[in-house]
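Before any comments, here is the structure.
Read the figures in this text as sums done on the coordinates, not as results from a lab. Keep in mind the model is a prediction, meaning the values are calculated, not measured. Using ideal geometry, Cβ is built from the backbone for each residue, glycine included, and neighbour counts are taken over all protein chains shown.
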Amino acid sequence: MIPASFSYRRAESLDDALRWLAEDPQGSKLVAGGHSLLPLMKMRLAAPRRLIDIARVSELIGIREQSGAIVIGAGTVHRDLAGHPDVRQKLPALAEAAGKIGDLQVRNRGTIGGSLSHADPSADLPAALMALAATVDIAGPAGERSLAVEEMMVAPLVTGLAPDEVLVRVRVPIPAAGSRSVYLKHPHPASGYALAGVAVAVTLEPAGAVTAARVAVTGAGVVPFRATDAETVLIGDRLTPARIAEAAKAAAAAGEFAGDALMSAEYRRQLCRVYVERAISALVD
Amino acid sequence: MSKLVGTPVKRREDARLITGHGNFTDDVRLPGQAYAEILRSPHAHARILSIDTTAAQAMPGVVKVYTGQDLAGRVGTVPTAWIPPASDLKQVPHAVLAVETVRYVGDGVAMVVADDPYIARDALDRIVVEYQTLPAVTDQREAMAEGAPQLHADAPGNVALHWTVGNDTDEVFAQAEVVVRQEFRQQRLIPNPMEPRAATAQYLSATDELTVWLTTQNPHIHRLLLSGILGIPEHRLRVIAVDVGGGFGSKIACYPDEVLVAYAARDLNRPVKWTEDRREHFMATTHGRDHYEEVELAGSRDGVLQGIRVKSYANMGAYLSTAGPGVPTILFGLIVNGAYRMPVASSEVFGVFTNTTPTDAYRGAGRPEATYIIERMVDLFAQTIGQDPLEVRRRNLLRADEFPYTNPFGLAYDSGNYHAALDQALTMVDYPAFRQEQAALRAQGQYVGIGFSTYVEMCGLGPSQVAGAVGFQGGLWESATVRVHPSGKVQVFTGASPHGQGEETTFSQLVADQLGIPIDDVDIVHGDTARVAMGWGTYGSRTMVVGGAAISTAVDRVIEKARRIAAHMLEVSPEDVVFEDGVFHPEGVLDRQATFAEVTIQAYLAWNLPQGVEPSLEASAYYDPTNFTYPFGTHIAQVSVDADTGEVRVTKYVAVDDCGPVVNPMIVEGQVHGGIVQGIGQALYEGAVYDDDGQLVTGSFMDYTMPRARFFPQIETAHTVTPSPHNPIGVKGVGETGTIASTPAVVNAVMDALSGFGIQHLDMPLTPEKVWRAMQQVQDEQ
């Protein structure tokens, strides 16, 4: 497992990274934890001419609260995300998703920015971030811009990032009072990636009526997706098992599923339905 | 001195292995060493039109590029070493690099040798091979069909072998009240030891000796085969395997790769190393299992089994691997009646060439397949006649007073007490309570099941006479030399070649006890053909059974010689001297004694030895067993099935094994645990999948589900002890019992959980989707 020849530079600042990236955007790849990129390189499925290591760019690392949002630096590793007290308290779905990525070694090195920039359709974080209405800040030669996480996930391994851009931070609005969220995952027994990863965020009135709901699914479908039909079903009176089941059906009906030699589209749809139902049920007393 | 045998002595090899001080083949670094990489076919079946190595050869740092053409006539073909009698085995040529045709994805096409591994790898991408792809076939029954792609000109219809064994079953089946029929698919598995394969070779022109460090379970067999293929005399070839990181059967075979490395080291007069990566391992290291079986079981309506007949189609892969032909025949067909009294039985086996990786032994090798079908058939039979599977087992299991029992194929089961193991296992589960709970849960739409496997296996391979009779091209005795140094320290040279099983510890326990000396005074030497005269290696749960017996016999010979010297020192006759706890003394007289160390030094000084006794203290033994050994036991699995997802969870697992006396309970427990999870891997998770073009879809740990610790509950183990009457230390072997027993136990449990759906049988692996679909189909029909 030997990658093709490449050069390597370690950036000390975002500025370094942007400047070097601009020199050869097509031939360069940013690397932080390397848990997605390096295996591809070793199998020679990716052969960048240059790696720009941003793992130690301190301005990209850290979690803070700012104007009603939790702001997470792109270089923050999954383990820090999963263990952060504010994230655990205010964004439980995100903490749970981060805590279920790979294994401890992966969580110690893998970063939120790396995961989103790689756009594996079975990655855990996109579902949680979509359910929590997160956006990403992107830096490029022309300055910064923002995208919703849904807009980042264009297709498997294809993102809304231009080759000369760097994902710098993720903003997750702090949910209103009465909000709850959860991430439920059915991992592939071999890879550990999500066969169905379902994140649900709801806002409940004291009596149980649902005023806001977001449902997002990763793994089961061709790309991570919001199940907006399911959300529509959820908004309204106090949730009943029947309505939860109806929402799960709606989510399964809305997704685009594809089969392969090892698992059919039909079964993926079933997993989606079951895990949406179980995730919503987990949020209701 | 307290006895070590029977106690959980910590593994002596672990300190070095855990702290990274092991010495594996890839750890060998020699001055001037070059590195090899092998270009492998991306096609399952293709004609090679041309190979252009010019660009690769021109790269700075590339030493040499070899193709099949270059080696034709210089290197022999790789033979199989198991030729089952009357099987019409087609020994098709297996070139070390393909010359005209590639026959599976992973077939070697060229080898690059370069100054460093990076250059070698880059050079592979510069070799241009022009292929003309041919239709491929990966399924053995399709390969036998008319019009199927043909792999070898010498094997029409792709049939590699056709072998039948057993007695006439027609009358019994014609008159039987009940005949149960079932077809089984035992899917292809991919063995995955922690250490992939590797070879490092060094040629010394001064002595004309070639040394090959190798990941092997049997260095002497490798030396013999390499000698024949390379035309290098055996006394100038040395094979070394210091530490080997597991094999599970996949390191028995002689592969083209190590032949190439050995050849290049001599050709270039420079050390060459090759280390397989995991992706290469998936496609180029032998696979296991891969059978279809059509099985019929005859019995009476009140539950007496009367006979079994089996027709099996075994996938041999593209070529015959070293032990490949023996696995689906001898190691399978002779024991399909399992642990049950049965007057008649027969097996018919087709071995078939396909465009897939060659198959060979994988932990259990043939016996898991046999055990799976008989244990499944007993459950299906019980279901058919409306009896409890437990009762059918009780009734048909051989009783303790029936041993030795000769089965319909002529195997003589040495000893057993099958009911005792079953009873012991039943004390560890509450069967009646489980059945009640099962019914109650079923009413709530929840599905749990329980499955039994009351297995027997044949291991401790084996008597050499039998090896010859069944076409194994080698002996199956084992050697031991016990050398006592002047200071009383002991080296034991064994021809068995442990590669992770812990015999450096268990053999030392035996020797320390027998000689009454501390375990630290004993070292076990193995895995080097220059230090150990001869041996047949480690597989088939034979190492303690055959290798241990050889050691024990050699130690006895050392003691006998020492006794004569001690008697001379004590001035009594040898027959009056007893040896206890490391001390010789006249019977009943304890104040006159000679310690083992005192006798040893006298043996070496030789100032005053009894007449006719030669100096030194050393003995060898070549132990050839008189029979196989037959471990047995009862495994019970409990499972739950998630009705929404089809996911199966093993909720409880009980294993009662009888491997004779347990030398080291901790090591035995480790073997049993590892075996069980490997067997459940086949039941629930693993399975190689090829697509229609012959590409391996499950080519990495991302897709191929190796069992993980988190999949399993605590495994509960216990033992009954029924010594083998013919083995000097009574042991029966335990390396494979878990793998053999657990697969049917778990599948039986899942089928039991699904019995309310009227589902009779599902083929392995019982993946969530397969189970869910089966339940779904029944619900849709209702």
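Numbers below:
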item	result
The stretch A:58-173 - percent relative contact order, Cα under 8 Å, separation 6 or more	28 percent
Peptide-level mean, for B:766-773, of C-beta atoms on other protein chains within 10 Å	4
Efficiency of FRET between B:D591 and B:E614 - r from beta-carbon atoms, R0 51 angstrom, step 0.05	0.95
Principal-axis tilt of helix A:14-23 within chain A, Cα atoms, nearest 10 degrees	70 degrees
Cα long-axis angle, helix A:265-283 against chain A (0 to 90 degrees, to the nearest 10)	70 degrees
Taking the stretch B:1-107 and dividing mean pair separation by its residue count, relative contact order in percent (alpha carbons under 8 Å, at least six apart)	35 percent
Top positive-direction residue, dipole computed over chain B with Cβ charges, set B:S573, B:A370, B:G462	B:S573
Approximate spin-label separation A:L40-A:E12, in nm, with each point projected 7 Å along Cα-to-Cβ	3.0 nm
Protection proxy ranking of B:623-629, B:251-257, B:756-762, B:514-520 - average other beta-carbon atoms within 10 Å, highest first	B:251-257, B:623-629, B:514-520, B:756-762
Protection proxy ranking of A:250-256, A:272-278 - average other beta-carbon atoms within 10 Å, highest first	A:272-278, A:250-256
Structure-based [θ]222 nm, the protein assembly as shown - -39500 (n - 2.57) summed over DSSP H runs of at least 4, per residue, nearest 500	-8500 deg cm²/dmol
Förster-model FRET efficiency, 51 Å R0, B:V721 and B:K311, C-beta, rounded to 0.05	0.85
Efficiency of FRET between B:D763 and B:A439 - r from beta-carbon atoms, R0 22 angstrom, step 0.05	0.20
B:Q175-B:A15 pseudo-label distance in nm [points 7 Å out on the Cα-to-Cβ vector]	6.7 nm
Relative packing of peptides B:451-463, B:381-393, A:130-142, B:180-192 - highest average C-beta neighbours within 10 Å first	B:451-463, A:130-142, B:180-192, B:381-393
Two-site label geometry, B:V5 and A:S146: point separation in nm, points 7 Å out along Cα→Cβ	7.7 nm
The stretch B:447-519-the stretch A:15-83 distance, computed between alpha-carbon centres (Å)	53 Å
Magnitude of the charge dipole, chain B, Cβ model with Lys/Arg +1 and Asp/Glu -1, debye to 20	640 debye
Cα-centred dipole magnitude for the stretch A:58-173, charges only on beta-carbon of K, R (+1) and D, E (-1), debye, nearest 20	320 debye
Length-normalised contact order for chain B - Cα pairs under 8 Å, 6+ apart - percent	15 percent
Extended-chain gain in nm, criterion 0.36 nm per residue less alpha-carbon gap, B:S50 and B:L605	192.9 nm
Label-zone membership for the stretch B:510-537, site B:E560, 7 angstrom Cα→C-beta point, backbone N under 18 Å	B:514-515
Shielding by partners - mean other protein chain Cβ count within 10 Å, residues of A:184-196	3
Ascending count of other beta-carbon atoms within 10 Å, so fewest first, for B:K3, B:K732, B:K90, A:K249	B:K3, A:K249, B:K90, B:K732
Sequence of B:H152, B:H635 once ranked by neighbouring C-beta atoms within 10 Å, starting from the fewest	B:H152, B:H635
Per-residue mean of C-beta atoms belonging to partner chains within 10 Å, peptide B:644-657	2
Residue exposure sequence - B:D528, A:D16, B:D360 - by fewest surrounding Cβ within 10 Å	A:D16, B:D528, B:D360
